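For reference, the structure discussed in these notes is given below.
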Amino acid sequence: MDTDFDVVVIGAGFAGLYAIHKLREAGFTARAYEKGDGVGGTWFWNRYPGARVDIQSCEYMFTKFAELEQEWDWTELMPAQGEIERYLNFVADRLDLRRDIQLETAVTAMTYDDASATWAVETSTGERVVSKYVIAATGCLSAPIEPAIDGLRSFSGDTLFTNRFPKEGYDFTGKRVAVVGTGSSGVQSIPVIAAQAAHLTVLQRSAAYSLPSPNRKLNDGELAALKAEYPEIRKAQWESPIGSARFGAVFQGQIELPNILDTPWEEQLQRVDALGVLAAFVWNDVRTDIEANRAAVRLYGEAIKRIVHDPETAEDLVPHYPFGCKRIIIDEGYYPTYNRDNVRLVNLRKHPIEKVVPQGIQLDDELIEVDVIVYATGFDAMTGSLSRIDIRGRDDRRLAAEWKESPRAYLGLQVAGFPNLFTVTGPGSPSVLTNMVTSIEHHVEWITECISHLRDNELRTIEADAGAQDEWADHLITHATPIQVHDTCNSWYLGANVPGKTRTYMPYAGGLTVYMEQCAELTAAGYKGFVLA
Ligand code: NAP
């Protein structure tokens, strides 16, 4: 059957852009559909004040473009949203990718036809195109959650979401603001909003673990020196289990790690004197032993007390779940913000939200009147962006229904029952536990080589074997630590932040290097675990 394109790519963030480039290089025709009116994916949508990556700029870029990387100038150690968005636009222009990208077009439905081994893809603009393959470059954190709070839409002031922040920005000057949510997005935006607003109320359901960012402007000559070092930096990145050899720099070179359980309290406090909140985490035993973890949380509380003057606020800022359950946040001035006269923390565990009303937020015992509410309430992670598309595979199987029961994908690359559909950094891959750029590059290259193999060997389809997929799902569980799956851990890694979502640890925690070796071995063994026809 004739197709419109060899491949439809969904999304034009890091993954979609790289996919178009690699597909073109391999001689395939491709069309990327992007629902935003610009490229950038995560870095297009999450333009809230303070948005910044937690990976160093020299590693948060495509690693295989020797010429291009020399042309791009980062200005900061850990770049902010605007600079990353500009970088992705630069890549799109330099590689001439835009002619294969259709903006302001969401994929709404996809149906697999067994007879022709093709996908019929429908879009929000009413188009219907047919392709042999679909690459879902939809991102792990791109399906926003609107919190289930009564009256959300009844508010008469401005309602903003960090993950769909207005393109033109928002001026908080003179405004009374409420921020709901204290995950990475909330924690990053709170200091910036506090500095502008007349008054800020932070509504916190779960406290965060957050470390001061080492971010700074790159010094004179530093970028040139980094550029000269790019080949070594790339080598180290690809040898790192998290796709970043420099991530640990945030731990400020703390390499000597005693056990917290063997260290007297006075000595623990001395480390707080030297390191601040970081002191709670630089112990050998905190990531594996729950008792050690509890000791670290106690120490964390001590460190916060030394920064935050009001004792009740300091107490409320200590998390009730283990350190390591969620990704640690990197902030710029988060805890000191609570010493400002115009900032107040409300602990929603003591005073829950009853509803949103036209004037503001009604708690059990108080009405908080505000002009603006900012929701930093997160995402239906890893599966949400694809579950929201009506995807029907072989025998009319619905992806959303299958993932509701159990969000699984073999190697995070393919789902049984959905031939020739590929998921970039899907559930079951290291993805969000690594530098996303490195994981994306690995997946896109694997997928491009795979469909080249199908073409060169005149094969029509590839599909994950259901048995191999189940075994992989069981294998995933063995890598998650007791802390990552602890009863008190309600992370999005577990899907625990979405009401009704099956609780299971979705990313592969065995490390990127081990994972890549496994992918390579299975591929060399004739795509073991996949069915090729
Ligand atoms: P998040 O980590 O899921 O945080 C959402 C916050 O909203 C949580 O504090 C949550 O509380 C709260 N919340 C949700 N529903 C609520 C409700 N109905 N009432 C009150 N509070 C509610 O989401 P995020 O901050 O957007 O971050 C998601 C991920 O994106 C991060 O983990 C990170 O991987 C990535 N990210 C990275 C960066 C970076 O690298 N610098 C920056 C931003 C985001 P509960 O915990 O109690 O549910």
Q.
Can you say whether T504 is part of a loop (DSSP other than H, G, I, E, B) and farther than 30 Å from A117 by Cβ, as far as the supplied structure shows?
A. yes
(Q) Cβ contacts < 7 Å: first residue touching a residue at least 24 places away in the same chain (Cβ under 8 Å), restricted to the range 150-169; second residue acidic (D, E) and within 13 Å of the ligand (Cβ to nearest atom), any location; separation 6+ or different chain. Result? (A) L152/E146
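Conditions tested, residue by residue: (1) without any contact (Cβ under 8 Å) to a residue 24 or more places away in the chain; (2) open to solvent by less than 10 Å² (accessible area, probe 1.4 Å); (3) under 27 Å from G511 (Cα atoms).
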{"position": "I233", "(1), (2), (3)": "no, yes, yes"}
{"position": "A236", "(1), (2), (3)": "yes, no, yes"}
{"position": "N259", "(1), (2), (3)": "no, no, yes"}
{"position": "A280", "(1), (2), (3)": "no, yes, yes"}
{"position": "A292", "(1), (2), (3)": "no, yes, yes"}
{"position": "A295", "(1), (2), (3)": "no, no, yes"}
{"position": "I307", "(1), (2), (3)": "no, no, no"}
{"position": "T313", "(1), (2), (3)": "no, no, no"}
**Q.** Hits in the range 472-495 (condition: more than 19 Å from L411 (Cβ to Cβ) and of a type in the set (F, W, Y))
**A.** W492
Q | Answer from L88, L97 - the residue that is touching a His at 6+ places or on another chain (Cβ under 9 Å) and either under 30 Å from A533 (Cβ atoms) or crowded, with 16+ Cβ neighbours inside 10 Å (or both) | A | L97
Q. Just to be sure, is L77 within 16 Å of the ligand (Cβ to nearest atom) and open to solvent by 10 Å² or more (accessible area, probe 1.4 Å)?
A. yes
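Just give me the residues in the range 192-208 being within 16 Å of the ligand (Cβ to nearest atom) and under 15 Å from T313 (Cβ atoms), in sequence order. Give the derivation first.
Keep residues of the range 192-208 that are within 16 Å of the ligand (Cβ to nearest atom), which gives 192-193, 200-208.
L200, T201, V202, L203, Q204, A207, A208, listed by residue number.
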Q. So which residues in the range 260-288 are assigned to a loop (DSSP other than H, G, I, E, B), at pLDDT below 95 and more than 19 Å from G333 (Cα to Cα)?
A. V282, W283, N284, D285, V286, R287, T288
**Q.** Hits in the range 475-495 (condition: surrounded by 17 or more Cβ atoms within 10 Å (Cβ to Cβ), over 17 Å from I290 (Cβ atoms) and either touching a helix residue (DSSP H, G or I) at 6+ places or on another chain (Cβ under 6 Å) or aliphatic (A, V, I, L, M) (or both))
**A.** L476
Q | Given (1) within 24 Å of S431 (Cβ to Cβ); (2) assigned to a helix (DSSP H, G or I); (3) of a type in the set (A, V, I, L, M, F, W, C), index of the condition F90 fails | A | (1)
Q | Members of the range 96-107 found to be assigned to a strand (DSSP E or B) and within 19 Å of R164 (Cα to Cα), listed by number | A | V107
Q: Return yes when W45 is in contact (Cβ under 8 Å) with a residue 60 or more places away in the chain, among the aromatic types (F, W, Y), under 18 Å from I389 (Cα atoms) and surrounded by 22 or more Cβ atoms within 10 Å (Cβ to Cβ) and no when it is not.
A: no
Q.
T502 - would you say it is touching a residue at least 24 places away in the same chain (Cβ under 8 Å) and of a type in the set (S, T, N, Q)?
A. yes
Q: Within the range 34-74, track down each residue that is out of contact with any strand residue (DSSP E or B) (no Cβ under 6 Å at 6 or more places or on another chain), within 13 Å of the ligand (Cβ to nearest atom) and assigned to a loop (DSSP other than H, G, I, E, B).
A: G41, N46, R47, Y48, P49, G50, A51, V53, I55, Q56, Y60
Q) With G221, G183 as the choices, which residue is open to solvent by 10 Å² or more (accessible area, probe 1.4 Å), near the ligand (Cβ under 7 Å from one of its atoms) and either of a type outside the set (V, I, T) or in contact with a Ser or Thr (Cβ under 7 Å, 6 or more places away or on another chain) (or both)? A) G183
Q: Can you give me the number of residues within the range 496-508 that are within 16 Å of the ligand (Cβ to nearest atom) and either surrounded by fewer than 19 Cβ atoms within 10 Å (Cβ to Cβ) or over 21 Å from P241 (Cα atoms) (or both)?
A: 7
Q: Could you name every one of the strands (runs of 3 or more DSSP E) located completely within the range 341-458 that has at least 1 residues being open to solvent by 10 Å² or more (accessible area, probe 1.4 Å)?
A: 343-347, 353-357, 360-363, 367-369, 390-392
Q: Could you please tell me which pairs satisfy a Cβ distance under 7 Å, a separation of 6+ or placement on different chains, a first residue in the range 472-486 that is farther than 14 Å from G511 by Cβ and hydroxyl-bearing (S, T, Y), and a second residue that is open to solvent by 20 Å² or more (accessible area, probe 1.4 Å) and part of a helix (DSSP H, G or I)?
A: none
Q. For the subset of the range 136-168 comprising residues that are more than 15 Å from G384 (Cα to Cα) and near the ligand (Cβ under 10 Å from one of its atoms), which member is surrounded by the fewest Cβ atoms within 10 Å (Cβ to Cβ)?
A. A148
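Quick one: which residue in K217, K326, K227, K305 is out of contact with any helix residue (DSSP H, G or I) (no Cβ under 7 Å at 6 or more places or on another chain) and modelled with pLDDT of 95 or more?
Result of the check over K217, K326, K227, K305: K217.
Have a look at S213, S240 and point out the one that is in contact (Cβ under 8 Å) with a residue 60 or more places away in the chain, of a type in the set (S, T, N, Q) and within 16 Å of the ligand (Cβ to nearest atom).
S213
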Q: Assess whether Y335 counts as being within 26 Å of the chain's Cα centre (by Cα), of a type in the set (F, W, Y) and within 12 Å of the ligand (Cβ to nearest atom).
A: no
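The values are calculated or read from the model by the stated rules, or taken from the named source; none is laboratory data. Worth saying up front: this structure is predicted, and the values here are computed from it rather than measured. For neighbour counting, all protein chains shown are included, and Cβ atoms are generated from backbone atoms with ideal geometry for every residue, glycine included. For the accessible areas, the whole protein counts, side chains as well, though only heavy atoms, and no ligand, DNA or RNA atoms are used. Shrake-Rupley method; radii C 1.70, N 1.55, O 1.52, S 1.80 Å.
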